[in-house]
1. Collect residues whose amide H, placed 1.01 Å from N in the peptide plane, falls under 5 Å from the amide H of L94; neighbours closer than 5 in sequence don't count.
2. Normalising by the residue count of segment 52-154, find the relative contact order in percent from Cα pairs under 8 Å and 6+ residues apart.
3. With Cβ to Cβ distances under 9 Å as the rule, what net charge do the other residues near T52 carry (K, R +1; D, E -1)?
4. Determine the dipole magnitude for segment 27-66: charges of +1 sit on the beta-carbon of Lys and Arg, -1 on that of Asp and Glu, nothing else is charged, the reference point is the Cα centre, and the result goes in debye to the nearest 20.
5. Using a 1.4 Å probe, how large is the accessible area of T122, given in Å² and rounded to the nearest 10?
6. Give me the percent of the accessible area of segment 69-154 that comes from carbon and sulfur atoms, probe 1.4 Å, all protein chains in place.
7. Quick one: check the C-alpha center-to-center distance for segment 95-129 versus segment 39-61, whole angstrom.
Amino acid sequence: MIRRLLMALALAGALHSAQATEAAQLAADPVLEARVMKVAEELRCLVCQNETIAASHADLAVDLRKQIRTKLSQGQSEQQILDFMVERYGDFVLYRPALKASTVLLWVGPFALLLIAAYSLTRAIRGRQRRTDPLTPVDAERARRLLDESPPGP
């Protein structure tokens, strides 16, 4: 029990230390941090996939922000960093990938799936309408007789 408590305290201390280190880096050079966030807004978090690495708290996103910070400190341009990330992780890492032959599926895919779903839904609805056959003369006569025989309501 005591061992678990000590491990939990050590873990909490390590997390607090890591957050304090990142906060110190953010406060050290606000101009550099603004550039880091500008580049980070252009890159997709590969863990979360629906948010930028600027907004993500995933370990990979934190590491990528550190890498961007380091590269900017070394004098690399924002475009050089984006090119490096694309070379390393592919076009998917870009939050807004350029429209080119290799990324057409990223741009057209969702719309194509939407059209396929709409087409399938339309066919299914029309198919159900066709299956609803009108009453045959025999069934119509039987329905009329049943309605005539029913007692009047109160």
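The values are calculated or read from the model by the stated rules, or taken from the named source; none is laboratory data. Please read these numbers as outputs of a predicted model, since none were measured by experiment. With ideal geometry, Cβ positions are generated from the backbone for all residues, glycine too; neighbour counts draw on all protein chains shown. Areas reflect the complete protein model, heavy atoms only, side chains present, ligands, DNA and RNA absent. Shrake-Rupley method; radii C 1.70, N 1.55, O 1.52, S 1.80 Å.
1. The answer is R44.
2. After rounding, I find 10 percent.
3. -2
4. 60
5. 60
6. Carbon with sulfur: 62 percent of the solvent-accessible area.
7. 26
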